[in-house]
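First the structure, in the form of structure tokens, and then the observations on it.
The values are calculated or read from the model by the stated rules, or taken from the named source; none is laboratory data. All values reported here derive from a predicted model rather than from experimental measurement. Counting neighbours? That spans all protein chains shown, and the Cβs are built from the backbone with ideal geometry, glycine included.
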2 protein chains.
Amino acid sequence: MLFRRSLRIDAGDLDELVYGTAILASGGGGDPYIGQLILKQALQKYGPAKLLDPVRVHDKALVLVVGAIGASTIFLERFPSLDALAGAVTEMESRLGRKADALVAAEAGGLNAILPIALGLRLGRPIIDADGMGRAFPEGHMMTYGIYGGRMAPLIIADDKLNTVVIEADDNYKTEQLGRSMVERMGNSAMAATYPMTGKFFKSVAIRNTITLSRDIGRAALTARREKRDPNAALIKFFSAMHKRPRFAETLFTGKIVDVLSKTGGGFVRGAITLENEDRRDHCIVEIQNENIIVRIGQRTIALVPDIITILEHETAEPITTENLQYGQRVNVFGLAAPELLRTPKALKIVGPRAFGIDCDYQPIEALAAA
Amino acid sequence: MLFRRSLRIDAGDLDELVYGTAILASGGGGDPYIGQLILKQALQKYGPAKLLDPVRVHDKALVLVVGAIGASTIFLERFPSLDALAGAVTEMESRLGRKADALVAAEAGGLNAILPIALGLRLGRPIIDADGMGRAFPEGHMMTYGIYGGRMAPLIIADDKLNTVVIEADDNYKTEQLGRSMVERMGNSAMAATYPMTGKFFKSVAIRNTITLSRDIGRAALTARREKRDPNAALIKFFSAMHKRPRFAETLFTGKIVDVLSKTGGGFVRGAITLENEDRRDHCIVEIQNENIIVRIGQRTIALVPDIITILEHETAEPITTENLQYGQRVNVFGLAAPELLRTPKALKIVGPRAFGIDCDYQPIEALAAA
């Protein structure tokens, strides 16, 4: 029954949805509860959100990617503005001379998984049950929309004072770079519309049904929690059933955080945490570059970006974002296979280990576990 | 006969024109000879440039300001690209849904006085004999177009790889700020189209006939130089005849540079030079913020921004831009009254001494000389 998706999100789904986006965020994506607040208000005002199944998007539809861009910690102080996001869409539409037929998320993890739903409700536009990462990544050119040939430009950036900037660079990486420097100037918090694309192209590259997936992830874990079952085990069971084979989702390590190293700069958080297990014999290191990107136990690598690595509080399986990791927390390191679209040679060039400065080839989490 | 303007620029006018723009640049505007090279090529290819007298611009015409934006020293290495400038215009036109009827310069000093002529030749568009500063200033919101109510946005920025950025901020200062940070990211050298405006508005705020003025300035000085007369005296005589009263143009000081202080950062050059006269009794200090902004002899202030302050080589009256000032040069400090449109209370708020961090009220150069 897990795969019968209702494609409808109402207030009762909020906790589950937000929980699921935090699992998929791989430690990044910022505080998911900002998105929850925004969506809660939108659902109260406009009623339930009906999601559009990606397979039902018309070939000739104009699809737009919408979301927040900036430093996730800033959004706690400068609340993401739906006005600004609507402004970015309007600007894109006037530029293209055409209304968008549907809106879609940049990423499945964190705030950006949720903002498009609130905006769709507000603008009365269809919201597609999909995204371009199946997780969270720090940069816009890392979406499957771009990896498989889509153009990020024009990238429209708008801030809450309704300043707008349109960027048309010759490649996605450059567009991302220029956009990022603009957002820094705007106070590290802005809204964006990007990747205008046809429904046909969109369907060939999107990571599908990730909004309802998040809701279902949350449902599995939070139901277990409520029923006093182990939510960690419920998560593993949920993903195993989904993938129909083992080791696609695993608890990679359980232990106490004994060291946290973190450096913020240039719009990135870099760092590492060290975990120690109960008998203090094994040490696990999780390296961080906005998201969790590699897990090592001793000399052995056991998970690598783009596979999803999320730190969960040991008892409750509550996801902890990278900025909230603290000395002394007892945690599980949860690993989850990335969507197949992130595991192709084309994708690994842009989101594989070497793209994050890790000097080794990608190996799938299930292969590392089997070794 | 000085005021009969031919409104035609051909290869024979080049030296005079470039000399004149260097006089009006007040030490800024970068190396004028880059512009000379570009214009020379354009004149060879397309023939003489016919300038449009501003009084003849149609009320309903669409006028665009075009020019380079960036660090003047970079343009020596990365040659300004007419392709990029044409790209910025095309982008603006597609945005406005209308072709520009005429192009005009941002400033009368340096490279930006000359680039629009080359672009107009290339695109076959009328070039107006006018600008928005009557001199050079470092920032886009300092044009009379903006001072008197025009909107800098949309500001289109294009680089030589034809990346384009469109900025729509809520005020000109913000537009300038965002644009500047974008240009820094683009390697401190880019081309811009901005201040789309009607002919009617343009005529009410432009500094008129500054291209032919530059050519006439050059003609006066270079003719004297050729005829072994004193070019400094020829300059003073030229401006006195033009203004029909004395002290609007003066040699404020003659001496040797005995100290050069200079700091580059944040897109600005700040510094000061100290001059000593022959008998070493008087010291003159010229403070620099991209342009020369204040002249003091001892405790006495004798010229203040927005009046034009240009350092000339003593013998030849060759203008020396701020980045080329060196210890030991024998120079004249040449002062020239700013256009009236820069001397109103409205203008002085944006281009007066306090806008450059000088803690005193503006006093006209002729009043300071009379005191």
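Structural remarks
- Among the residues making up segment B:172-190, a single one is more than 9 Å from chain A (Cβ to nearest Cβ) and more than 20 Å from the chain's Cα centre (by Cα): B:GLY187.
- Residues that are outside any helix (DSSP H, G or I) and not small (Gly, Ala, Ser) were ranked within segment A:355-371; the one that is farthest from A:PRO339 (Cα to Cα) is A:ASP359.
- Residues of segment B:166-189 that are touching a residue at least 24 places away in the same chain (Cβ under 8 Å), over 15 Å from A:LYS174 (Cα atoms) and small (Gly, Ala, Ser): B:GLY179, B:SER189.
- Residue match in segment A:98-108 (condition: crowded, with 20+ Cβ neighbours inside 10 Å, farther than 29 Å from B:PRO154 by Cβ and under 15 Å from the mean Cα position of the chain (by Cα)): yes
- Residues that are in contact with a Ser or Thr (Cβ under 9 Å, 6 or more places away or on another chain) and either among the basic types (Lys, Arg) or surrounded by fewer than 20 Cβ atoms within 10 Å (Cβ to Cβ) (or both) within segment A:326-338 comprise just one, A:ARG330.
- Of all residues in segment B:14-27, one or more are touching a residue at least 12 places away in the same chain (Cβ under 8 Å), surrounded by fewer than 19 Cβ atoms within 10 Å (Cβ to Cβ) and either closer than 26 Å to B:ASN324 by Cα or of a type outside the set (S, T, N, Q) (or both).
- Subset tally (residues that are among the polar types (S, T, N, Q) and touching an Asp or Glu at 6+ places or on another chain (Cβ under 6 Å)) for segment B:80-100: 1
- Of all residue pairs spaced 6 or more apart or on separate chains, those with beta-carbon atoms under 8 Å, a first member in segment B:228-239 that is not assigned by TED's automatic domain parsing to the domain that holds B:VAL333 and a second member that is of a type in the set (S, T, N, Q) and outside any helix (DSSP H, G or I) are B:PRO231/B:THR316; B:ASN232/B:THR251; B:ASN232/B:ASN332; B:ILE236/B:THR251.
- Verdict on A:ALA71 being without any contact (Cβ under 8 Å) to a residue 60 or more places away in the chain and either among the hydrophobic types (A, V, I, L, M, F, W, C) or farther than 18 Å from A:ALA130 by Cβ (or both): no
- Considering segment B:132-249, the qualifying strands (runs of 3 or more DSSP E), each wholly inside and each with 1 or more residues that are under 27 Å from B:ARG98 (Cα atoms) and of a type in the set (D, E, K, R), run over B:164-168.
- Among (1) of a type in the set (Gly, Ala, Ser); (2) part of a helix (DSSP H, G or I); (3) farther than 29 Å from A:PHE201 by Cα, the one test that A:GLY35 misses: (3)
- Among the candidates B:GLY132, B:GLY124, residue that is surrounded by 20 or more Cβ atoms within 10 Å (Cβ to Cβ) and more than 8 Å from chain A (Cβ to nearest Cβ): B:GLY132
- Residues in segment B:160-171 that are at the interface with chain A (Cβ under 7 Å from one of its Cβ atoms) and either in contact with a Ser or Thr (Cβ under 7 Å, 6 or more places away or on another chain) or under 16 Å from A:GLY187 (Cα atoms) (or both): B:ILE167, B:GLU168, B:ALA169, B:ASP170.
- Residues considered: A:LYS263, A:LYS256. Of these, the only one that is without any contact (Cβ under 8 Å) to a residue 40 or more places away in the chain and in contact with a strand residue (DSSP E or B) (Cβ under 7 Å, 6 or more places away or on another chain) is A:LYS263.
- Residue in segment B:166-182 that is in the same structural domain as B:LYS50 (by TED's automatic domain parsing), over 25 Å from B:GLN289 (Cβ atoms) and either aliphatic (A, V, I, L, M) or surrounded by fewer than 19 Cβ atoms within 10 Å (Cβ to Cβ) (or both) present: yes
- A:ALA153 falls short on exactly one of the conditions (1) in contact (Cβ under 8 Å) with a residue 60 or more places away in the chain; (2) within 14 Å of chain B (Cβ to nearest Cβ), and that condition is (1).
- Residue match in segment B:200-223 (condition: of a type outside the set (Phe, Trp, Tyr), surrounded by fewer than 21 Cβ atoms within 10 Å (Cβ to Cβ), free of Cβ contacts under 8 Å to residues at least 60 places away in the same chain and not assigned by TED's automatic domain parsing to the domain that holds B:ALA25): yes
- Scanning segment A:71-97 for residues that are surrounded by 24 or more Cβ atoms within 10 Å (Cβ to Cβ) and out of contact with any Leu (no Cβ under 8 Å at 6 or more places or on another chain) yields one hit, A:ALA88.
- All of A:GLU323, A:GLU278 fail the test of being touching a Ser or Thr at 6+ places or on another chain (Cβ under 9 Å) and part of a loop (DSSP other than H, G, I, E, B), apart from A:GLU278.
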